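The values are calculated or read from the model by the stated rules, or taken from the named source; none is laboratory data. Values in this document were obtained by computation on a predicted structure and should not be read as measured data. Ideal geometry is used to build each Cβ from the backbone, glycine not excepted, and the neighbour counts take in all protein chains shown. The accessibility values were calculated without ligands, DNA or RNA, using every heavy atom of the protein model including side chains. Shrake-Rupley method; radii C 1.70, N 1.55, O 1.52, S 1.80 Å.
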Amino acid sequence: MSTVAEAKTMLTERIGRIEVSATMAITAEALRLKAQGMDLADFGAGEPHFQTPAHIKKAAIDAIESGFTRYTAVAGIPEVRKAVVERHAKDFGTQYAVDECVFTTGGKLALFNAIQVLVDHGDEVILPVPYWVSFKDIIQYAGGVPVFVRGREEENFRITAKMIEGAITEKTKAIVLNTPSNPSGAVVSPGDLEAIVRLAHKKGVYVLLDECYIYLNYTGNLISGGSFLDCKEHVVVLGSLSKTYAMTGWRAGYALGPKPIIAAMSKLQSQSTSNTASMVQRASVAALTESQDCVFEMRDGYLKLRDRILAGLKEIPGITCTVPEGAFYVYPNVSAYFGKGGIHSAADVAAKLLSEAHVVVVPGEAFGTDEHIRFSYAVSEDVVDKGIERLKKFFGGLA
């Protein structure tokens, strides 16, 4: 059996720059405990509890039964890229051609490939904090240097152009913006978003827009950074069908951007995953082109769940929480309990919640902060209520 030292010698330096995804690790542990019969209140994985809508599933079944199961063009069939382009144009007023779109095996692959083709060794990438767990690692894997811009909790983790400008140097290559945000649910305001995009365009810096939760925006102001047409040469939109259409396991994502960048991403994809599964592409066409009622129904459901879990958290002394404006996460501050019951960090809270209260959360250290834990409220009302009762009992025992 190889020792740790031997493993370090055997493996590449670049694999040492990244860690196992914290959310995936939590999910794996929760699945292991559930398999042992443990009753968990699971707020770990950011995955819709809704079923994939029937018309989307039917499109995939029809594709399989008709024999549409072979390789396709690496960047996706023309129909799915056309559907992405037209959906985005209709909802956000953008103007992309089919060859400015690549369809990917999940939104994470779109992000990974975009950073791989844009970020070289020593390039700086501005990353707002708190950040989704994979951003930092993907940047570092490419040889890039994350430059953190910390949102202030008392300002609902707001990110502004002034904050971004203060972090730009001659080495800055890109800015990553995830709005609505995972984990905080913060939304970059339309004014701030436009100012950041225009600043980046002026500086020759690329804005990588993670729009995974763009339709789960509760402010009523749905806007894309790709909407500022005179700046589009420095904007790459990274999208996913996972959360919007409850299609997490389907692995369906895309990127929209300048032709040279999209062509480079397609080239990289040709040497890695090749095309997204053919039947998934057909299902995605149905998702994007047919009725969007399911999107709004699910969004309304998440909003009710958000209010339900926030009300429960307010009943626990010492816990404070910003009000998320989008996505399906709450990110409460639990630092009032540090120093009690052997707890000294958010990671300790998460570990004890799992082992003692059987509540699954993700510690804030994974997202770049030390005082928070993340709950995904994409769960049933029963799970929310059960989880809150367990939280009350757990934290009440520490008071």
Could you look through segment 271-293, keep only residues that are among the small types (Gly, Ala, Ser) and open to solvent by 50 Å² or more (accessible area, probe 1.4 Å), and pick out the one that is nearest to Glu86 (Cα to Cα)?
Ser291
Between Gly387, Gly341, which is farther than 24 Å from Tyr302 by Cβ and not β-branched (Val, Ile, Thr)?
Gly341
Would you confirm, using the coordinates I've provided, whether Ala200 is more than 15 Å from Leu238 (Cα to Cα), small (Gly, Ala, Ser) and without any contact (Cβ under 8 Å) to a residue 60 or more places away in the chain?
yes
Flag if Asp382 is modelled with pLDDT of 95 or more, open to solvent by 20 Å² or more (accessible area, probe 1.4 Å), assigned to a helix (DSSP H, G or I) and out of contact with any strand residue (DSSP E or B) (no Cβ under 6 Å at 6 or more places or on another chain):
yes
Filtering segment 226-254 down to residues that are among the hydrophobic types (A, V, I, L, M, F, W, C), without any contact (Cβ under 8 Å) to a residue 40 or more places away in the chain and either closer than 17 Å to Trp132 by Cβ or not in a loop (DSSP other than H, G, I, E, B) (or both) yields Cys231, Val235
Test result for Lys82, of a type outside the set (A, V, I, L, M), part of a helix (DSSP H, G or I), over 30 Å from Ile139 (Cα atoms) and at pLDDT 95 or above
no
Could you say whether any residue in segment 94-105 is among the acidic types (Asp, Glu), modelled with pLDDT of 95 or more and open to solvent by less than 40 Å² (accessible area, probe 1.4 Å)?
yes
Residues of segment 345-364 satisfying the condition of being open to solvent by less than 30 Å² (accessible area, probe 1.4 Å) and of a type in the set (A, V, I, L, M)
Ala346, Val349, Ala350, Leu353, Ala357, Val359, Val360, Val361, Val362
Would you say Tyr254 is surrounded by 24 or more Cβ atoms within 10 Å (Cβ to Cβ), of a type in the set (Ser, Thr, Tyr) and more than 21 Å from Ile61 (Cα to Cα)?
yes
Only one of these is open to solvent by less than 10 Å² (accessible area, probe 1.4 Å) and either in contact with a helix residue (DSSP H, G or I) (Cβ under 7 Å, 6 or more places away or on another chain) or not in a strand (DSSP E or B) (or both): Arg306, Arg374. Name it.
Arg374
I need the full set of residues from segment 109-137 which are within 16 Å of the chain's Cα centre (by Cα) and more than 24 Å from Val330 (Cα to Cα), in order please.
Leu109, Ala110, Phe112, Asn113, Ala114, Ile115
A careful count of residues in segment 32-68 that are assigned to a loop (DSSP other than H, G, I, E, B) and either without any contact (Cβ under 8 Å) to a residue 12 or more places away in the chain or surrounded by 13 or more Cβ atoms within 10 Å (Cβ to Cβ) (or both) gives 16
Considering only residues that are among the small types (Gly, Ala, Ser), farther than 30 Å from Gln51 by Cα and in a loop (DSSP other than H, G, I, E, B), which ones fall in segment 309-347?
Gly318, Gly339, Gly341, Gly342, Ser345
Cβ pairs under 7 Å, 6+ apart or interchain, first in segment 98-120 and in a helix (DSSP H, G or I), second aromatic (Phe, Trp, Tyr), ordered by first then second residue, are Ala110/Tyr254; Leu118/Tyr206
For segment 206-221, give me each residue that is assigned to a loop (DSSP other than H, G, I, E, B) and either surrounded by 24 or more Cβ atoms within 10 Å (Cβ to Cβ) or free of Cβ contacts under 8 Å to residues at least 60 places away in the same chain (or both).
Glu211, Cys212, Tyr213, Ile214, Leu216, Gly220, Asn221
Residues (of a type in the set (D, E, K, R), under 15 Å from Glu124 (Cβ atoms) and either without any contact (Cβ under 8 Å) to a residue 24 or more places away in the chain or crowded, with 24+ Cβ neighbours inside 10 Å (or both)) located in segment 155-189
Glu170
